[in-house]
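Every read-out reported here was derived from the displayed coordinates using simple, explicitly stated rules and does not represent laboratory data. None of these values were measured; they are calculated from a predicted model. Cβ atoms come from the backbone with ideal geometry, glycine included; neighbour counts cover every protein chain shown.
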Amino acid sequence: MRHRPHIRHFAGLLAAGALAAGAQAQSPMEIEHLFEIGQVGSAALSPDGEHVAYALSDPRNIAEGEENGAADIHLWIGRRGQTPRAYVQGDITVSDVAWRPGAGTVTFTAKRGEDEHRALYEIDPQGGEAVRLFAHENDLSRYVWGPDGQTLYFVAEAKEEDEPFEDRGFDAYAYEEDPDYSYLWSVRFEDGQVGEPGRFDLDGDVSDIEMSHSGETIAVALAPTPLIDDFYMNRRWHIVETDGGEVRAVVETDGKIGQVAFSPDDSRLAFITGVDVNDPAAGTLAVVDASSGAYTLIARAAEQHVQDADWLDNDSILALAHVSTQSALVTYSVTGREERRVVQDDVVVRDFDLDHRSGRFAAIADSARHPREVFFGDRRGNLRRLHDHNPLLAGLQLGEQRVFSYEARDGVRIDGVLITPPGEAPEGGWPLILTVHGGPEAHDSDGWLTSYSDPGHIGAGDGYAVYYPNYRGSTGRGVDFAKAHQQDYAGTEFDDLVDAVDALAEAGIVDPDRAGITGGSYGGYASMWGATALSEHFAASVAFVGISDNISKFGTTDIPTEMYHVHARIWPWEDWRFFLERSPIFHVDKAQTPLLILHGEEDTRVHPSQSMELYRHMKVRTDTPVRLIFYPGEGHGNRGAAAQFDYAHRMMRWFDHYLMGEGGEPPAQELPLEELIGSEEEE
């Protein structure tokens, strides 16, 4: 790659140079490396358990002149013990990779060539090109094969009706009144011919489906409407007969739901659910009677978060549990007895695709040293990596990563992941970038933690300690811990962040006078709170798609009901003062922390006005440095390579300026793009 110099303070450059010299001339990880790193997104195990088909992201290398856009996603297929290869590449987004029953072929959805919508493609791993198998009148968003491989069940919207006056400028619409519903359809393939698709008569919006082993029933996730609030809070699994479409049973859960899997004899389902309407995330295993929909929670009180689950046989389930910063493969009986627990010490498993007949599975896992890759596994929890898609990482000096736990001011243990430059901390400690995850119903595991918005190894290479705290409200520690932040916006949850800085400083790891904070969404809220209410604790803040006003947030978000049930637990009009005082704008008069705010213009989750409000309050009420950056076309997170590249450089430059540099007035508004990626003439 072409090495482009970062905008770094002289001390930071000296530190990076010294680290490189101490590691046999290995260079530290740079922002530009992010756009050379591929990650596995999904994997499907072949019926014989010997092959795996998977989707691999290929980011647009904007620094090397590639066209801007979201990462391409390619299809790879590999055999156990052999080197995999790419089967579908180029400017394409492959998704929903699956093996077609009885055919030995791989199917996937993509939009290729002259396709108007995402269509279904098929490719033979023995050789040949992918061919389009089926195209619908709208995008295929999800599909499953019947057990004979001849009937396709898929989720798609109905054909869009032409608006006769839209081309004359009449394009007004009624907000939330006419959303586009997705439906369940089926189509039959016989003798090389494609039948006429038929639509199931189900009431609501379909978002997910899972096929039974016999093909007699299909599990369908239905919500009353396509609105995202209903998707989060009001979806329910329905057991539907494939012949006729009659609903056999409804799993009447309260709150959020996750994935589902049929037992080999189809008499039961394993699924992941919230324990009640106030559970912030679907993270508890449950077993359902497929005939009645009645269900039983498994290990309700366990301090873990179940990510994935499937059946080993009719009486036992293999569950993937995240426990604090680690992952474990746990076998449960249908009665709830824990039969085996295998903790992964060196990788974090994210999900798996299991064949119950052999007990083999394909897993996606990452570690402190590599991003997500494919592994083959067995029922005993043994894992073997298929391939290394990022050999360039072996030539880079990564930071030292470990779990760091501390005791909060009220005695509660808080776990997190710490990445530091190699070697001993300097006298007085490293400068700190406290990186706060969103949600807060999420958690950071001891795996790969470096991205365009997460400094990780890039920060360590520049001389920072980077800490990812799983503060109260995080998942991975059980339901009670995930609920611990409720009805206490910015209370103990953000006190945990200050306590993290104090604990790291007391351990001699960081310099508390050079502590920065960053995060997106709820982590952006934390970063805005850190720059205002907690300003005395942070010397710099970078806030991404964050919340600054909890009153106006309610009126502009697309998840007001979810916000009530799993966060606030009260409505704004029940306590206006509480919502105001737990808003960063209320505390702007305390703000002495230089704040960089960044937001996607198309964000519907946290409206861009949240960033505008805090920016305006700080500009009018203080002399504290503040800057607001908008990203056109981006939403609740940046997908385009140029926006990601821009974000990463702005974030690190802000921290360099205020934590390692001279501070004062903000750095130049423009990035030196000609220096970073070259001029158009050079390209």
**Study point:** Counted residues, segment 365-404 - those being farther than 16 Å from residue 446 by Cβ and of a type outside the set (D, E, K, R)
**Key:** 17
Exercise for review: Would you please name the residue that is surrounded by the fewest Cβ atoms within 10 Å (Cβ to Cβ), looking only at residues in segment 543-558 that are closer than 27 Å to residue 434 by Cα and in contact with a Lys or Arg (Cβ under 8 Å, 6 or more places away or on another chain)?
Suggested key: 557
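Quick grid of which residues meet (1) within 26 Å of residue 312 (Cβ to Cβ); (2) touching a Pro at 6+ places or on another chain (Cβ under 8 Å); (3) part of a strand (DSSP E or B):
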{"site": "156", "(1), (2), (3)": "no, no, yes"}
{"site": "162", "(1), (2), (3)": "no, no, no"}
{"site": "179", "(1), (2), (3)": "no, yes, no"}
{"site": "183", "(1), (2), (3)": "no, no, yes"}
{"site": "187", "(1), (2), (3)": "no, yes, yes"}
{"site": "196", "(1), (2), (3)": "no, no, no"}
{"site": "229", "(1), (2), (3)": "no, yes, no"}
{"site": "239", "(1), (2), (3)": "yes, no, yes"}
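Give the residue that is nearest to the chain's Cα centre (by Cα), with candidates limited to residues of segment 631-683 that are at positive phi and in a loop (DSSP other than H, G, I, E, B). Walk me through it before giving the result.
Here is the first cut: in segment 631-683, the residues at positive phi are 633, 637, 663-664, 678.
Add one more test, that the residue is in a loop (DSSP other than H, G, I, E, B), and what stays is 633, 663-664, 678.
Numbers: 633: 20, 663: 33, 664: 35, 678: 32 Å.
So the residue we want is 633.
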Study note, to complete from the structure: Considering segment 363-387, residues that are closer than 20 Å to residue 398 by Cα and aliphatic (A, V, I, L, M), and then whichever is surrounded by the fewest Cβ atoms within 10 Å (Cβ to Cβ), we arrive at 368
Check your understanding: Going through segment 568-591 one residue at a time, which ones are on the phi < 0 side of the Ramachandran plot, charged (D, E, K, R) and not in a helix (DSSP H, G or I)?
Key -> 575, 582
Review point. Checking residue 483 against (1) over 12 Å from residue 439 (Cβ atoms); (2) surrounded by 24 or more Cβ atoms within 10 Å (Cβ to Cβ), which test does it fail?
Key: (2)
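Listed residues 620, 606; which is β-branched (Val, Ile, Thr) and touching a His at 6+ places or on another chain (Cβ under 9 Å)?
Values: 620 fails: touching a His at 6+ places or on another chain (Cβ under 9 Å).
Within the list 620, 606, the selection yields 606.
Every residue, every condition in (1) among the polar types (S, T, N, Q); (2) within 22 Å of residue 468 (Cα to Cα), yes or no:
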position: 338; (1), (2): no, no
position: 344; (1), (2): yes, yes
position: 350; (1), (2): no, yes
position: 356; (1), (2): no, no
position: 360; (1), (2): no, no
position: 365; (1), (2): no, yes
position: 370; (1), (2): no, yes
position: 380; (1), (2): no, no
position: 415; (1), (2): no, yes
Practice item. Check off (1) under 26 Å from the mean Cα position of the chain (by Cα); (2) surrounded by 24 or more Cβ atoms within 10 Å (Cβ to Cβ) for residue 341 and give me the number that stays unchecked. Key: (2)
Check your understanding: Taking into account only those residues within segment 319-338 that are β-branched (Val, Ile, Thr) and free of Cβ contacts under 8 Å to residues at least 40 places away in the same chain, which is surrounded by the most Cβ atoms within 10 Å (Cβ to Cβ)?
Key -> 330
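Could you grab me the full set of residues in segment 168-187 that are touching a residue at least 24 places away in the same chain (Cβ under 8 Å), of a type outside the set (Ser, Thr, Tyr) and loosely packed, with under 15 Cβ neighbours inside 10 Å?
Just the residues of segment 168-187 that are touching a residue at least 24 places away in the same chain (Cβ under 8 Å), to begin with: 176, 179-187.
Subsequent filtering for residues that are of a type outside the set (Ser, Thr, Tyr) retains 176, 179-180, 184-185, 187.
Scanning segment 168-187 gives 176, 179, 180.
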Practice item. Inspect all residues belonging to segment 495-517 and state whether any of them is crowded, with 24+ Cβ neighbours inside 10 Å, under 25 Å from the mean Cα position of the chain (by Cα) and not in a helix (DSSP H, G or I). Key: yes
Practice item. Mind counting the residues in segment 558-571 that are touching a Leu at 6+ places or on another chain (Cβ under 9 Å) and free of Cβ contacts under 8 Å to residues at least 40 places away in the same chain? Key: 0
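From the list 329, 383, 396, exactly one residue is out of contact with any Asp or Glu (no Cβ under 6 Å at 6 or more places or on another chain) and closer than 25 Å to residue 415 by Cα. Which is it? Walk me through how you get there before you give the answer.
Working: 383 fails: closer than 25 Å to residue 415 by Cα; 396 fails: closer than 25 Å to residue 415 by Cα.
Answer to the selection: 329.
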Check your understanding: Does residue 645 satisfy the condition of being touching an Asp or Glu at 6+ places or on another chain (Cβ under 6 Å) and closer than 27 Å to residue 93 by Cα?
Key -> no
Practice item. Please tell me if residue 617 is part of a helix (DSSP H, G or I) and farther than 30 Å from residue 510 by Cα. Key: yes
Revision key, fill the gap. Checked against (1) touching a helix residue (DSSP H, G or I) at 6+ places or on another chain (Cβ under 7 Å); (2) in a helix (DSSP H, G or I), residue 487 satisfies every condition except (2)
Revision key, fill the gap. Considering segment 198-221, residues that are charged (D, E, K, R) and part of a loop (DSSP other than H, G, I, E, B), and then whichever is nearest to residue 265 (Cα to Cα), we arrive at 216
